[in-house]
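Let me begin by presenting the structure, written as structure tokens, before commenting on it.
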Amino acid sequence: MIYFAYFRLHLLARPANKLSFFAVLSIFPLLSLSLSLSLSLSPSLSADLEAAAKAKSKLSSALSTLSADDAKVISSLHGQLEELEGVSSHLPAIVSRLQDLSSLHVQAADFSSRLASVENAAADAERLLRGVEDALGAVEEGWRSNAEAMEKNLAALDERTKGASS
């Protein structure tokens, strides 16, 4: 773990990447904690101490070349990291909740699309029903006019047959 931190610090300590290096300075307390944990757990104590000493010397040499603007940026980043340190313990629960909400969101989107398709089907059924009602109204009107024409024709036929028989 110390080797990884040292390697990371070594990469970020390049002169072309000063700002990233200074952002790493704010995690130096975590490096110290990691060092203390590895001191109690690691069998190669001297190698860990050497790596930490090298990292510290690189940090010290890089700190001497800081401008005032870089120092302000580092200070503000360090303050932000300290503020966010309390949130880090809640991140697993937040991530879990977001995953649960993601699945609920997918279900809601699926329900929404199904509801939209049902509403479209209902609107289509309404249009079809209006068309059928209009057609039925036309058939009824045609039936009435045909019935009236038949009655007139039958009445005229009756008169002709009465006139022809008399």
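Bear in mind these aren't lab numbers, they're just calculated from the coordinates by the rules spelled out. From a predicted model like this one, the values you see are computed outputs, not experimental measurements. We place every Cβ from the backbone using ideal geometry, glycine too, and count neighbours over all the protein chains shown.
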- Can you tell me how much longer the chain between ALA121 and VAL106 gets when fully stretched, taken as 0.36 nm per residue apart minus their C-alpha distance, in nm with one decimal? 3.1 nm
- Loop-located GluC sites (Glu not before Pro) in the stretch 75-104, at most 12 other Cβ atoms within 10 Å (DSSP): GLU85
- Task: Starting from the Cα of LYS162, draw a straight line to each of the lysines and keep only those under 24 Å, dropping any in the same chain fewer than 8 residues away.
- Result: LYS152
